[in-house]
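**Student:** This is the structure I have questions about; it appears just below.
All of the numbers you see were taken from the coordinates with simple rules; none came from a lab. Just so we're clear, the structure is a prediction, and the values are computed from it rather than from any experiment. Every residue, glycine as well, gets a Cβ built from its backbone with ideal geometry; the counts of neighbours run over all protein chains shown.
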Amino acid sequence: MPNRIDECFQALGADNEKAFIAYICAGDPDIPRTVELAFALEKAGVDILELGIPFSDPLADGLVNQLAAQRALEAGATVQGVLHCVGQIRRRSQIPIVLYTYLNPIFQFGFEQFHREADHAGVDGLLILDLPPEEISRAVAAPLSRDVPPTATERRGYSMNLEMPNDGPLHIRLIAPTTPPDRIQQICARAAGFIYYVSREGVTGVQSDVASSLGERVGEIRRQTKLPIAVGFGISTPEQAREVARVADAVVVGSAIVQKIEENAAHAHLSARIGEFVRPLVAAVKGR
């Protein structure tokens with residue numbers, strides 16, 4: 001069946017529009033309010049929702065997102081709870097959902113089981129920060145437990161599922177400013193859904209300006225793929241979002257939204273406040 005991510009970009013492309021992707025950490029401040037935030041973000045114009053699975057050692061995340069993961073874990077968030085959260089969102093919404101995570105929580109959950117349950121819950125894409133594409137076959141082939149290794153048939157079948165873009169969640173690939181041209185080509189050849197370009201070296205977090213090399217780097221990637229290119233890490237203002245949208249197909253805003261969630265967590269109208277914050281960012285990306 002068609003993936004919601006592909007359908008979203010096709011619909012936006014038909015209208016010559018760019019996509020706005022919002023990141024929040026699932027479970028911050030808690031799972032019920034994460035569901036409410038998802039609906040508020042969609043109402044504010046967000047095209048794709050990126051949900052972080054809280055992890056105790058998020059190496060690619062800056063302080064804002066680290067603290068969000070810590071709050072979510074302290075509130076009792078689990079991998080299973082995040083998948084249940086996606087299921088609750090799916091009862092009322094068909095917004096494309098990408099899970100942002102690290103390999104460790106998935107490995108502990110069970111690699112095959114996680115993909116199966118994520119697909120069942122309604123997850124459209126996976127952004128696994130520390131799983132290079134060439135390692136997927138090894139991760140699948142590795143025993144899921146010491147006592148019951150997967151059969152050869154199970155390994156072959158699941159490897160096929162990972163390679164088929166319309167069979168289960170798509171694996172979104174990351175490209176960094178330091179990625180050399182030959183590596184860009186390799187990553188793009190294994191990509192599906194869209195390419196996530198990390199606009200700056202280092203971790204997530206609000207930045208004061210857009211990297212001067214952005215246009216050149218996006219151009220390099222575009223020569224290697226027909227997939228949409230999303231740009232994230234450091235975008236926090238309408239002005240920055242508008243500038244990035246001139247060269248990218250999608251703009252990702254995360255830390256700025258997460259910071260607002262922290263500031264308003266105790267407020268009775270948290271979701272409404274986050275929606276108000278996001279609307280000008282969406283408008284800037286859409287050129288309104």
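**Student:** If you take the beta carbon distance between E263 and A60 as r and set R0 to 22 Å, what does 1/(1 + (r/R0)^6) give as a FRET efficiency, to the nearest 0.05? List each step's numbers first, then the result.
**Tutor:** Details: r = 23 Å, r/R0 = 1.04.
Between E263 and A60 the formula returns 0.45.
**Student:** Let me ask something else. Quick check on packing: order 38-47, 272-281 by the mean number of other C-beta atoms within 10 Å, highest mean leading.
**Tutor:** 38-47, 272-281
**Student:** Calculated from the structure, volume of the Cα convex hull per residue in Å³ equals which of [x] 181; [y] 123; [z] 162?
**Tutor:** Among [x] 181; [y] 123; [z] 162, the one derived from this structure is [y].
**Student:** At 4 °C and a viscosity of 1.567 mPa s, what translational diffusion coefficient does Stokes-Einstein give for region 19-83, taking Rh as the Kirkwood radius over Cα pairs? Give it in µm²/s as a whole number.
**Tutor:** Values: Rh = 11.9 Å.
Here the translational diffusion coefficient equals 109 µm²/s.
**Student:** Please give the calculated 222 nm ellipticity per residue for the chain, where each DSSP H segment of at least 4 residues contributes -39500 (n - 2.57) and the sum is spread over every residue; nearest 500 deg cm²/dmol?
**Tutor:** -14000 deg cm²/dmol
**Student:** At q = 0.22 Å⁻¹, what is the log10 ratio I(q)/I(0) for region 224-288, with the Debye formula run over Cα points and no solvent?
**Tutor:** Debye output, listed in q order: -0.88.
**Student:** Rounded to the nearest 0.05, what FRET efficiency is calculated for R190 and E220 with R0 set to 22 Å and r the Cβ-Cβ distance?
**Tutor:** 0.80
**Student:** Taking the simple approach of a point 7 Å from Cα along Cα-to-Cβ for both H120 and E239, what is their distance in nm?
**Tutor:** With each label point 7 Å from Cα toward Cβ, the separation is 5.0 nm.
**Student:** Treating the beta-carbon of each Lys and Arg as +1 and of each Asp and Glu as -1, no other charges, what is the dipole magnitude of the chain about its Cα centre, to the nearest 20 debye?
**Tutor:** The dipole magnitude comes to about 460 debye.
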